[in-house]
Amino acid sequence: MLTETGDPADLLVWYFGLAHGVSGRTDAGGENPALDAIAGDVADGRLGDALDVARGFASRLSPTLVISTAAVHLTREARAVALRKKAPREAAELRDSLEKLGYSVRDDGDRQLWRPLVRS
């Protein structure tokens, strides 16, 4: 799908497929019901349903925005896995990747606190 069209809806489904594979999450964090529905459908293997919801939601998104947002979120998810597995080298490498993507990350116990870097 993704390589054939580059459609933002395809990209959203692709992203949630990767996020579920990395972290096992079945929602998008509860902040957006449409994204939660897409994530749940992907986790349950209902890709057609996920794509239908994504088409309505993604019609206002550019492929570049979806890809850059997905890169940040997937890197955060992968870093959370590294922290849970007590793999400090991998976590540090992923922190560097997040900085290259424009985000600062600080650990607070088992949580990651992150914010956009201010560039001058």
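The values are calculated or read from the model by the stated rules, or taken from the named source; none is laboratory data. In this text, all values refer to a predicted model and were calculated from it rather than measured experimentally. Neighbour counts are summed over all protein chains in view; Cβ atoms, including those assigned to glycine, are modelled from backbone coordinates with ideal geometry. Keep in mind that these areas ignore ligands, DNA and RNA; they rest on the heavy atoms of the full protein, side chains included. Shrake-Rupley method; radii C 1.70, N 1.55, O 1.52, S 1.80 Å.
Look through Leu117, Leu65 and report the one residue that is more than 16 Å from the chain's Cα centre (by Cα) and surrounded by fewer than 18 Cβ atoms within 10 Å (Cβ to Cβ). Walk me through how you get there before you give the answer.
Values: Leu65 fails: more than 16 Å from the chain's Cα centre (by Cα).
Only one candidate qualifies: Leu117.
Hey, could you check region 21-48 for residues that are assigned to a helix (DSSP H, G or I) and open to solvent by 60 Å² or more (accessible area, probe 1.4 Å) and say which is modelled with the lowest pLDDT?
Start the filter on region 21-48 by keeping residues that are assigned to a helix (DSSP H, G or I), which leaves 21-23, 33-43, 47-48.
From the residues that got through so far, the ones that are open to solvent by 60 Å² or more (accessible area, probe 1.4 Å) too are 21-22, 33, 47.
Working: Gly21: 62, Val22: 58, Pro33: 75, Leu47: 79.
Among them, the one singled out is Val22.
So that you can scan it fast, the table gives a plain yes or no per residue for (1) touching a Phe, Trp or Tyr at 6+ places or on another chain (Cβ under 9 Å); (2) within 16 Å of Asp10 (Cβ to Cβ):
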residue: Ala34; (1), (2): yes, yes
residue: Ala39; (1), (2): yes, yes
residue: Arg46; (1), (2): no, yes
residue: Ala50; (1), (2): yes, yes
residue: Pro88; (1), (2): no, no
residue: Glu93; (1), (2): no, no
residue: Gly102; (1), (2): no, no
residue: Gly109; (1), (2): no, no
residue: Pro116; (1), (2): yes, no
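What pairs come up if the first residue lies in region 82-111 and is in a helix (DSSP H, G or I), the second is basic (Lys, Arg), and their beta carbons are under 6 Å apart, counting only those six or more places apart or on different chains?
Ala91/Arg79; Leu94/Arg79
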